[in-house]
Each structure stands twice: as C-alpha cells, then as structure tokens.
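Read through the structure below, which is laid out as structure tokens, and then see the notes.
Since every read-out is calculated from the coordinates, none of them should be taken as a lab result. Quick caveat: nothing in here was measured; it's all calculated off a predicted structure. Here the Cβ is made from the backbone with ideal geometry for all residues, glycine too, and neighbour counts use every protein chain on show.
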Amino acid sequence: MILVTGGAGFIGSNFVVDWVGHTGEPVVNLDLLTYAGNLQNLDSLQGNPAHIFVQGDIGDRQLVADLLKQHRPRAVLNFAAESHVDRSIHGPDAFVQTNVLGTFNLLESVREYWSQLNETERGEFRFLHVSTDEVYGSLAPQAPAFTETNRYEPNSPYSATKAASDHLVRAYHHTYGLPVLTTNCSNNYGPYHFPEKLIPLMIVNALDGKSLPVYGDGRQIRDWLYVKDHCSAIRRVLEAGLPGEVYNVGGWNEKANIDIVNTVCSLLDELRPREDGQSYAGQITYVTDRPGHDRRYAIDAGKIERELGWKPAETFETGIRKTVQWYLSNQDWVANVRSGSYREWLETNYAARQT
Ligand code: NAD
Ligand code: DAU
C-alpha cells in the first residue's frame, strides 16, 4: 500500500482515483481538508476498500507515525501543500506552515519509520515529493526551458516555500540516505481544478456572465499539462525513478494567458453559446497585474522522456476540450465549491484591482 498526502485536492484526488483504477493497490489518503480539499472529488471511490481516507495534518507527527505503523506503506507521496500564488501574496503564513514546516515534520516521521524497516524494505521504500516548475523562477522570452539543473530562483512566497521543501527533501537523501524522488511539474489543468486558478475561474465566470480578469497584459506564458498526464508521470517516476533524482514534468505546451482565455471562450461559444449570440470573449477585462508576476515558465521534459519513457497522452487541444466539457457537465460540483469562503476570496483578490 501507499500513503498519499493532499489526496482530496485537485491533483491529489485525480492521482488517487487513477492509482486505484490502474493498480488496485490500496491508498491511505491523508488530507487536512483545507478550503482546497474536497471529498466530493473522491466520490467514485466511495465504498472501495482500496481507499482509506484520514483527515489530518502532514505536520502532525504522532498521527503520521501512527498511520505509518498501522499501514506500513511501501511509499509516501507528498501532494499536500498550499498551492495558490495569489493567496500566498495575501497571506504567506499558511504556506510556510504547510509547505515548509509540514514537509519537514512529514520527512521526520517518514525517516523514523523508514529507519526501522528491514534492509530490503528500506531499499525498496520511496518518498516522492510533488513540486513545481515555479521554483526555477521566470524565463526570458528566448531562454531555453527549465532543466533539472536550473538554478532555484523562486519569486513568490508560494514558490519560495516549495523551494524550501524541495531542499529539505534533497537533504534527507544526502544526509540520511532516505530514498527520495522529486518531480517539478508545470501548470496542470483538468477536472476538479479549484476555480481560484486561471482556467476554471474563466470557465465559471464566463458561464455566470461575469468579467474574465486577465492580469497585466495577458502575455505571461505558462506551460500546460493535462492533470491525468501528471498522474501518469508520477506513477512512472515512482515505478522507475532513481532515488535522489529530480524529474521535470511538462507537456511542451507554452501558451500566453490571453490565448488560454480566448481558447476557453471559443470552446464555450461552441458548446454553450451565450443567449445573446455574442462571444464570451467580450467578457475579458484586463486588471491590475499580480505583484512579482513571473513572465514565463517552460519545462524541458527531456529527462523523464529519455530515462523513463514517459510522454503525455493529451495535446492541449484535446485536454482543454475535455476540461471545458467536464465543467459543463459538473455544475453541481462547481456550485458546491463556491461556498462563502470562496466568495470572500474573490473579494480579497479582485475587488481592489483596477480594470
Ligand atoms: P490543491 O490546493 O488543489 O490541493 C492541496 C491539498 O492539500 C488539499 O486537498 C488540501 O486540503 C491539502 N492540504 C493542505 N495543507 C495540508 C496539510 N497541512 N496537511 C494535509 N493536507 C493538506 O493543490 P494542487 O493543485 O492539487 O497541487 C498539489 C501539489 O502539486 C502541490 O504540492 C503543488 O505545489 C504541486 N503542483 C501543482 C501544480 C498545479 O498546476 N496545480 C503544478 C505543479 C505542482
Ligand atoms: O507552474 C506550476 C504552478 O501553476 C503550480 O505550482 C501552482 O500550484 C499553480 O497554482 C500554478 O500557478 P500559476 O500562478 O501559474 O497559476 P494560476 O492559475 O493562478 O495563474 C496562471 C496564470 O494566469 C498566471 O500567469 C496568472 C494569470 N491569472 C490568474 C488568475 C487567477 C490571471 O491573469 N487572472 C486570474 O484571475
């Protein structure tokens, strides 16, 4: 069995469902259920004995020690984090708490458990840390894409705390020999993406007849990967990655934000046309930029392709169509996640931005 943290969030829940579907191997899913965690994402596993959900904090050493002792997982996969850059600008504390201290405490609990395994089990054990391309900072327009040897240059409180967690994971390998794997992935999109992030925010605002807030000039570039492809990459790294190694994961899909928003609008125009016959693109509004906004991210996924034979299955065109269709078919999920706290967040992040 494996232990997954953060498995009620966007990527974690996609991973857990995919994992059980592909392998049948049981998963203990430890998630604090912050605003971003949602058990509805795991509805398809209800009653399935291969999924054991535990609500709790990765920083709770006693709880994690008990879970490790009780379930004796062969691997721990750490998805749990505070993940939204804009929230990290408004309130960095939670990011330091979970991403830095939480990861540190988790590593300590895992080190203790791992050190008591027999030699074979110790050799086979893996700690897989799910990280981000944002730790590498911002790329100039013509600069080559991030490789695993790029310097760490995090620019937001979010990316700085993820960078700190990556360094701790690395140190636990070098110092204690813990068999760790780190993945640094580009921007994900797909089902169950919380509508604080660009793509789902644009879909739900468009359908609501609200403005589509594009930061700055909208020419910032992100490298987009369909979430199920991230899941398959993590499965492959866990299966065949070498302890101590880092693998960049990406879809070779660099797009400017404004192009993403226009694509979402065109798909909605086709799949759910506005009653007045106008394009959703008419709702686009340029607003004050994100402070310290990174201009460009791009992932060189050559290493994971060469060494582990992984490639994404979706193109951006197929993935974004599936995503828009998923949101159109899952309006109940959307309605449920847009609770009072979500509305407060929209007020915090958007009310003071000038158009
Ligand atoms: P998310 O915010 O949707 O989900 C995070 C999950 O972690 C939530 O279920 C939340 O309840 C849980 N959590 C938060 N603090 C916790 C704690 N202290 N203990 C236990 N659980 C806790 O995030 P996501 O987008 O699914 O990202 C998952 C991971 O992947 C993160 O580590 C993130 O840095 C990384 N990542 C995300 C992307 C992306 O595009 N979303 C890209 C690359 C890497
Ligand atoms: O690169 C990987 C990272 O991608 C992950 O590590 C993060 O967890 C994840 O949130 C994501 O970070 P971004 O900041 O790139 O994602 P976000 O969806 O917040 O924004 C994408 C781009 O769109 C970014 O350039 C900011 C812009 N944007 C975002 C929002 C929410 C807008 O223009 N308007 C918006 O309202």
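Each peptide in 318-325, 221-228 receives the mean, over its residues, of other Cβ atoms within 10 Å, and ordering these scores from highest gives 221-228, 318-325. What's the magnitude of the charge dipole for the chain around its Cα centre, counting Lys and Arg as +1 and Asp and Glu as -1 at the beta-carbon? Answer in Debye, nearest 20. So the magnitude is around 160 debye. Taking all Cα pairs closer than 8 Å and separated by 6 or more residues, the relative contact order of the stretch 1-115 comes to 30 percent. From helices alone, the chain scores -13000 deg cm²/dmol at 222 nm; the rule is -39500 (n - 2.57) for each run of n ≥ 4 DSSP H residues, then divide by the residue total. Per-residue 3J(HN,Hα) values for the stretch 12-21, derived from phi via the Karplus relation 6.51 cos²θ - 1.76 cosθ + 1.60 with θ = phi - 60°, read x, 5, 4, 5, 4, 5, 5, 4, 4, x Hz in sequence order (x marks Gly and Pro). Among rounded, prolate and oblate, which fits the stretch 287-328 when a ≥ b ≥ c are the square roots of the eigenvalues of its C-alpha gyration tensor, a/c under 1.5 means rounded, and a/b larger than b/c means prolate? Note, shape of the stretch 287-328 comes out oblate.
Summary of packing: across the peptides 169-176, 260-267, the per-residue average of other C-beta atoms within 10 Å ranks them, highest first, as 260-267, 169-176. Counting only DSSP beta bridges with both residues in the chain, what percent are antiparallel, rounded to the nearest 5? The antiparallel fraction comes to roughly 10 percent. Normalised by the number of residues in the chain, the average gap of Cα pairs under 8 Å and 6 or more apart makes the relative contact order 17 percent.
Distance check, please: which entries in Lys162/Lys210; Lys69/Lys303; Lys69/Lys311; Lys69/Lys228; Lys197/Lys228 exceed 28 angstrom between their Cα atoms? Don't jump to the answer; show the numbers that get you there.
Values: Lys162/Lys210 33 Å; Lys69/Lys303 35 Å; Lys69/Lys311 36 Å; Lys69/Lys228 31 Å; Lys197/Lys228 17 Å.
Violating the 28 Å limit, Cα to Cα: Lys162/Lys210; Lys69/Lys303; Lys69/Lys311; Lys69/Lys228.
Taking amide H positions as modeled 1.01 Å from N, with prolines and chain starts lacking one, the residues under 5 Å from Thr285 and 5 or more places away or on another chain are Leu212, Val214. Axis angle, to the nearest 10 degrees, between helix 227-240 and the longest C-alpha principal axis of the chain: 20 degrees. Under a point spin-label approximation (7 Å from Cα along Cα-to-Cβ), what is the Glu270-Val54 distance to one decimal in nm? Inter-label distance under the simple model: 4.6 nm.
For the stretch 294-305, backbone phi angles converted through the Karplus equation (6.51, -1.76, 1.60; θ = phi - 60°) give residue-by-residue couplings of 5, 7, 8, 10, 8, 9, 8, 8, x, 5, 5, 5 Hz, Gly and Pro being listed as x. Helix 61-71 and the longest principal axis of the C-alpha atoms of the chain enclose an angle of approximately 70°.
The C-alpha atoms of the chain define a longest principal axis, and helix 198-208 lies at about 40 degrees to it.
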